[in-house]
Amino acid sequence: MTNLYWLDKIQLSDRDAVGEKAFYLSCLLAQNYPVVPGFVVPAKTFWQFLESIDWLEPLFADWPHSSLHLNVDEPRQLQSIARSIRHQILATKLPDSLLSGLESAVSQLNSNSKALIFRPSLTSRSPKTAGILESHAVRAEPEAIEAGLKRAWAELFRARSLFYFQRCGLRIQEINPAVLVQSLQGSRAAGDVKTNAGAAWEIQATSGLGMSLARGETIPDYYQVQPETGAVKFQKLGYKTLAYNLKADEGDQTKKSLIENFKGSQIANSAFLIPDFTDSCVEVLALGEESQSEYVLEESQLQKIIELSKKVVAEFDSDLILQWTISETENNDEPQLYFTQVRLLKGKKIASVRENAIAPAARIPAILRGLAAASGKAEAVAQVMTNSHPENAEFLAGGILVARTIEPHWLPWLKLAAGVVVEQGGMTGHGAILARELGIPAVVGVAGATRAIETGDWVLVDGDSGQVFATAEPDADRLRELGQNPENYTTAAEMSIANHQFSTSDRSSNPASLPRRAQSPESVWGAPTATQLLVNVSQTSSIDRLRNLPIDGIGLLRSELMALEALDCQNPKIWLQNGQQSEFVSRMADCLSLFAAAVAPRPVFYRSLDLRDSGTHGSFSNTFEPELFDWELCVLQKVGDSGHTNINLILPFVRSVDEFVYCRQRLETLGKNRPAQFQLWIMAEVPSVLFLLPDYVKAGVQGISIGTNDLTQFLLGIDRESEQVAGGFRGRDRAVMRAIEQLIRQARAAGIPCSICGDATALYPEIVDSLVRWGISSISVNVDAVEQTYRAIARAEQRLLLEAARSIVNN
């Protein structure tokens, strides 16, 4: 059981036993490149340990000799089984022979080493696992050494790991984990180099150990460099708010040096930030403003990384990704650069290291993490789109759209996509809003997605968990399961986006090209609720999804997004500049009429154009550019003249009473034949409305709709589009909730209806109870949130009735 493989002694024949991670590092070490010494605990030892466990659960009576039957689509069962297996692994003592062998090996690593890192991976015959199996850092002490190895093994039995293995068609008995054990030093910086023959190389760097980068908790410094000259072609400062590093005893000079290096830094609560690391040797530094505003790498360090990477590329004769760290030394000498991982890019082979014939390694991490922005799951081929002008690009229907950001005019791409992965933007950004309406899963705020994923990779987007999984290219059976014809399928290696023409056709025009997605069972609705339930929409493709839903109308029709569909994705200002009023009014009226007819006689609240491309969005722009607003009023008039009397108008982003009065007067001038039930509302999303609502009502406001997205942004001073501060954007913040309560109570006192139409009620359904209690008139949500919101409203109203009944009885 003590059969260990030392990095400097690994041979080609050992590759299957030690796994890709250790094997490639051994290749570097053999050529005298800087690699921290270490050893590997092979898969054979893992299976011997499992056989020694006295499994308590009947389910595991004959395991691991028999198959473990799991339904990974049952989350509770999966979590329960995964938890039971990990508990048994962690609770069982290692055999004495193995433990003594480990302690002996650790003592040979470095007598001064105070910490170790256990890095699990699967052997070369298994699917890629970067991002799934986390490494574990522990103190170099007997009990911690035992715990470190068992934690590394237990990574295989997290629910996400079991889910991924089954999706890859890998049975438990086929799992062959190897654990690389190395000494761990304090680190000033860590990152990676992505080489690219004939083009600029990309380098990422972050403060401290590489954990924050691996977990997506920091945005690293970014460089594009010319490898031949070492010249930096482009660089961008990252957003580095924290750094992981080793704990050390008080007075330790290495620790003092690290703290001094991270200027203005403080030790954060590492037990909170590092799951399962409460007894870890790692702590978290909250970086000060000075450290955040500086690049991690000195020029000499950057050049050293480039020079060493050039030599490795020449040695391997392959493009690759090299992970590196710059470690502190015991005596505060010059920090040392070490390579910590090598990944060969697709289709490349080592030509002369370890006797050639090394199979390609994975490049894309097995899991990328971001914000779960639109629910559902979709598995398809990825298409990385970096062109900001969709009219000049090409896109393959049914793919996973991967991009840095999503702008509203990307609508045609979104209609063709099966799922969305975006580097920038938050839960309330345009990409997230459109994905929710179109019913496609989306994950936003995924740092480095366009670098980690390439066109042709197969990925699974999980819009419920905020994770993106790398998956194997499907076989014929899997393609049929995804709703695709294997005979017409083009492999990732053969596929060229240039062969597929961009189209603005609606996704409904080509349903066979889209992967199947699990649909919710048809709900049985109860009695109508007193609080009205409305929907937020903008695309005519959403109309079919409204059928049989218990809605009381459309509470927010986003005109700027509807206009993209009506005007062939052209900015309305272009139509204004070209003087195309007649066609503008006709097209917009046709679209609006479809929504009016779909829900009649229930109301439709049309929010006028809120174009944010000039810096003067909202109703204020109408005061000095009134012509486009006048065109919209003509649209409303045309729809009303055609017999649709259920249209109402909401003015967006109203800053002052004067703005409202100006817009109201233009409405009265141009829209004289309005239906009797027509109402003019304003969005309550600028904080000034909190203080001026009685004045607005006197000026003629007939209702308000609370826009929680912008209201939250301005109350908390947080950019809602920024994934970097997404954790601080909370629609249920106390200040936001007090503002909402005040608006509801003021509206009730003024005798006007008050609706709420932002994303807060869908993201935090628990606030519905407070909204109903305060007297909200209606709640408007995206189509995918109707069912949960209906049930939340019903529960809240029943609770109020029950409380009232009890009060009567008690009195």
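The values are calculated or read from the model by the stated rules, or taken from the named source; none is laboratory data. Everything numeric here is computed off the predicted structure, so don't read it as measured data. Virtual Cβ from ideal backbone geometry, glycine too; neighbours counted across all protein chains shown. What goes into the accessible areas is simple: the full protein's heavy atoms, side chains included, and nothing from ligands, DNA or RNA. Shrake-Rupley method; radii C 1.70, N 1.55, O 1.52, S 1.80 Å.
Structure above, values below:
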item	result
Cut-off under 5 Å, modelled amide H: who pairs with Ala374 long-range	Ala442
Point-to-point label distance, Asn548-Thr623, nm (Cα→Cβ direction, 7 Å offset)	5.0 nm
Over 19 Å between alpha carbons, listed pairs Lys9/Lys310; Lys240/Lys311; Lys21/Lys194; Lys194/Lys377	Lys9/Lys310; Lys240/Lys311; Lys194/Lys377
For a label point 7 Å along the Cα-to-beta-carbon line of Lys698, residues of segment 730-755 with backbone N under 20 Å	743-753
Per residue accessible area in Å² of segment 397-455, where ligands, DNA and RNA are left out and the probe is 1.4 Å	18 Å²
Segment 13-24 - phi-based ³J(HN,Hα) in whole Hz, Karplus 6.51/-1.76/1.60, Gly and Pro as x	5, 8, 4, 5, 7, 9, x, 5, 4, 5, 4, 5
5 Å-binned pair-distance histogram of segment 1-48 (Cα, whole percent)	5, 24, 34, 21, 11, 5, 1
Where segment 69-223 is the region considered: accessible area per residue in Å², 1.4 Å probe	37 Å²
FRET efficiency for Asn32 and Thr229, using Cβ-Cβ distance with R0 set to 30 Å, rounded to 0.05	0.75
Rough spin-label spacing in nm, given labels placed 7 Å along Cα→Cβ, for Arg215 and Trp47	3.3 nm
Segment Thr405-Ile574, length gained on full extension (0.36 nm per residue, minus Cα span)	58.5 nm
25 Å tail of the calculated P(r), segment 83-223, as % of Cα pairs	41 percent
Average accessible area per residue (Å²) across segment 735-811 - probe 1.4 Å, nucleic acids and ligands excluded	45 Å²
Separation of the Thr645 and Glu74 label points, Cα + 7 Å toward Cβ, nm	5.6 nm
Efficiency of FRET from Cβ geometry, Arg806 and Arg612, R₀ 60 Å, rounded to 0.05	0.75
Rounded FRET efficiency, nearest 0.05, which uses the C-beta distance separating Asp658 from Ala750 and R0 of 30 Å	0.95
Compactness relative to 2.2 N^0.38 Å, alpha carbon Rg of segment 392-455	0.99
